[in-house]
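A short reminder: the numbers here are calculations on the coordinates, not readings from a lab. Quick caveat, the model's predicted, so the values are computed rather than measured. Neighbour counts run over all protein chains shown; Cβ positions are idealised from the backbone, glycine included.
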Amino acid sequence: IIYRLFFLSIEPLSALVGAYSTYFHPNSSLPSLPSPPSPLPPHTTITLSQLANMYLFFALNEALVLRATADMRVWRTLLCILLLADFGHLWAMKSLGASVYWDLRGWGVWECANLGVVYGGAMLRIAFLVGVGL
């Protein structure tokens, strides 16, 4: 039941919140800058809008595709793809330094929301893919 709860509700809702926040409050999506410029440069706004669209795509894909079928091949395929996306998400943060991945004491709200959700989702995907609790 934890898989269905997380993959069909919690994570898609979290991605929708991320999409909304990134699109409508783009300055909050730039935590590595002490004080993001206001207004943001057009290229930054475009990039953040594209990121918001990807969060929306992620949320709809997970919530709707997995709800549409009980076929384990579809679930495994989609969750494997999302696990690869988790690794890509983590890789994208490499410029913040290696400690961002493991130094939880240095995490602020942004890192908790960002890395915590990715780590939690990745662990649940791995557990599902190796058959834990199925």
**OP:** Scan segment 81-108 and report the pairs whose first residue is under 14 Å from F58 (Cβ atoms) and whose second residue is of a type in the set (F, W, Y) and surrounded by 11 or more Cβ atoms within 10 Å (Cβ to Cβ), with Cβ atoms within less than 8 Å and a gap of 6+ or a chain change.
**Re:** L82/F58; A85/F58
**OP:** Could you tell me whether F7 is within 21 Å of V132 (Cβ to Cβ), assigned to a helix (DSSP H, G or I) and of a type in the set (F, W, Y)?
**Re:** yes
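Return yes when M72 is over 17 Å from the mean Cα position of the chain (by Cα) and of a type in the set (A, V, I, L, M, F, W, C) and no when it is not. Working first, answer last.
Values: over 17 Å from the mean Cα position of the chain (by Cα): yes; of a type in the set (A, V, I, L, M, F, W, C): yes.
Yes.
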Original post:
Scanning segment 116-126 for residues that are aliphatic (A, V, I, L, M) and surrounded by fewer than 15 Cβ atoms within 10 Å (Cβ to Cβ), which turns out nearest to G18 (Cα to Cα)?
Top reply: M123
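Return the residues of segment 96-128 that are farther than 19 Å from P12 by Cα, touching a helix residue (DSSP H, G or I) at 6+ places or on another chain (Cβ under 8 Å) and not hydroxyl-bearing (S, T, Y); say none if nothing qualifies.
At the first step, the residues of segment 96-128 found to be farther than 19 Å from P12 by Cα are 96-109.
Of the ones still in play, those that are also touching a helix residue (DSSP H, G or I) at 6+ places or on another chain (Cβ under 8 Å) are 99-101, 106-107.
Residues satisfying the conditions are V100, G106, W107.
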Original post:
What are the residues in segment 57-80 that are small (G, A, S) and touching a residue at least 40 places away in the same chain (Cβ under 8 Å), if any?
Top reply: A59, A63
